[in-house]
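Quick notes on the structure that follows.
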Amino acid sequence: MTTVLVVDDSAVDRHLAGGLLRKRGLTAVFASHGREALELIDREQPDIVVTDLQMPEMDGLELTGAIRRRFPFLPVVLMTAHGSEEIAVQALQRGAASYVAKRNLAHELADTVGSVLELTAASRNEERLLSFLTRTESQFEIDSDMASITPLVGHLEASLKRQRLCDETGSIQVAVALREALVNAIYHGNLELSSELIEKDEQEFLVLAKQRRADKPWCDRRVRVTSIETRDRAVYVVTDDGAGFDPSALPDPTDLSNLEKRTGRGLLLIRTFMDEVSHNAAGNQITMVKRADPELAPRSSRRPMPSEA
């Protein structure tokens with residue numbers, strides 16, 4: 001049975017909303033303000049909250065924020081009255097899923113709640129499925145077009161987030177490291193453009209890069225990317241078709257005298273953001289490892305699904 005928590009300081013409006021929801025086969029429970037609602041959520045574990053905005057004790061805006069912090073998988077639908085439009089916009093920005101004007105409750109409340117519940121069910125099913133995910137592996141092969149980098153990095157970052165290996169900041173740092181590795185593989189690997197050239201004349205560097213993308217043998221070269229994500233780490237291997245280089249000859253990017261140089265900046269970011277970095281002997285392959293952040297909450301802390309309660 002699907003349970004809706006209706007929150008409103010007006011007894012008339014509470015029971016009007018509850019009656020409309022019961023007609024759709026939903027169970028309604030009631031609270032008269034936000035603080036009472038939070039206590040009921042802990043006890044009743046409703047599937048959705050429908051709340052007024054202007055209430056004593058804790059209003060709908062504060063309640064929406066508290067629900068987002070404490071019960072991130074619990075959707076909120078606002079009931080708005082004339083004069084509360086500005087607060088409603090703030091509540092939507094804080095995490096409410098939708099809203100219904102009180103004057104339109106009879107026509108729109110049940111449909112709106114039903115629509116949000118359908119979307120939430122899909123999201124919860126996905127969340128439950130991801131809790132069983134133990135390993136993902138993917139392989140890509142791209143040409144030397146820089147436009148290929150952004151969508152590929154975006155895909156890899158999304159896969160990293162699915163395994164919950166790091167927080168938002170960490171996932172952005174991994175994305176930056178991956179981008180730098182791909183840029184190096186294309187420019188310095190496949191197109192064989194030296195770092196010294198970009199330091200000396202960036203325009204000449206870009207002109208030569210464009211030319212080589214169209215000429216053999218450079219135009220036939222590819223960059224191959226393998227990613228493996230498990231619950232404790234992500235491993236990325238980027239391989240190019242270039243002649244390679246001697247990794248030991250690279251300047252130390254952590255040397256303060258090298259920090260302001262464009263040469264080695266990418267490697268500095270890679271080494272800073274990844275936990276392990278290594279090159280193969282030929283110098284045309286880099287392996288990067290990102291280990292799981294031990295500070296992140298374990299999967300078992302997620303809010304139980306309705307079927308698990």
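The values are calculated or read from the model by the stated rules, or taken from the named source; none is laboratory data. Nothing here was measured: the structure is a model prediction, and the numbers come from that model. Backbone-built Cβ (ideal geometry, glycine too); neighbour counts: all protein chains shown.
Summed over the stretch 179-235, the residues that are in contact (Cβ under 8 Å) with a residue 12 or more places away in the chain and polar (S, T, N, Q) give a count of 6.
Among the numbered conditions (1) among the β-branched types (Val, Ile, Thr); (2) surrounded by fewer than 17 Cβ atoms within 10 Å (Cβ to Cβ); (3) assigned to a helix (DSSP H, G or I); (4) touching a residue at least 60 places away in the same chain (Cβ under 8 Å), the only one that Thr136 does not meet is (3).
Here the stretch 67-100 is the region considered, the condition is being under 21 Å from the mean Cα position of the chain (by Cα) and assigned to a helix (DSSP H, G or I), and the residue that is surrounded by the most Cβ atoms within 10 Å (Cβ to Cβ) is Ile67. Each residue in the stretch 206-247 was checked for being assigned to a loop (DSSP other than H, G, I, E, B) and within 30 Å of Ala158 (Cβ to Cβ), and 6 of them qualify. Counting only residues that are out of contact with any Phe, Trp or Tyr (no Cβ under 8 Å at 6 or more places or on another chain) and within 25 Å of Gly244 (Cβ to Cβ), the stretch 157-186 holds 7 of them.
Yes/no per residue for (1) farther than 23 Å from Ala185 by Cβ; (2) of a type in the set (Asp, Glu); (3) outside the structural domain of Trp218 (by TED's automatic domain parsing):
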site: Ala122; (1), (2), (3): yes, no, yes
site: Glu126; (1), (2), (3): yes, yes, yes
site: Gln139; (1), (2), (3): no, no, no
site: Ile142; (1), (2), (3): no, no, no
site: Met146; (1), (2), (3): no, no, no
site: Pro151; (1), (2), (3): no, no, no
site: Leu156; (1), (2), (3): no, no, no
site: Gln163; (1), (2), (3): yes, no, no
site: Glu168; (1), (2), (3): yes, yes, no
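For Val289, the conditions (1) crowded, with 16+ Cβ neighbours inside 10 Å; (2) in contact with a strand residue (DSSP E or B) (Cβ under 6 Å, 6 or more places away or on another chain); (3) at pLDDT 95 or above are fulfilled apart from (1). Residue by residue through the stretch 17-27, note down the ones that are surrounded by fewer than 18 Cβ atoms within 10 Å (Cβ to Cβ) and either among the hydrophobic types (A, V, I, L, M, F, W, C) or not in a helix (DSSP H, G or I) (or both). Within the stretch 17-27, Lys23, Arg24, Gly25, Thr27 meet the criteria. Just to be sure before I move on: is Val183 among the aliphatic types (A, V, I, L, M), touching a Leu at 6+ places or on another chain (Cβ under 9 Å), at pLDDT below 95 and under 21 Å from Asn280 (Cα atoms) in the structure I sent? Judged against the criteria, Val183 is not a match.
Determine whether Gln173 is polar (S, T, N, Q), surrounded by 15 or more Cβ atoms within 10 Å (Cβ to Cβ) and in the same structural domain as Ala158 (by TED's automatic domain parsing). Spelling it out, Gln173 is indeed polar (S, T, N, Q), surrounded by 15 or more Cβ atoms within 10 Å (Cβ to Cβ) and in the same structural domain as Ala158 (by TED's automatic domain parsing).
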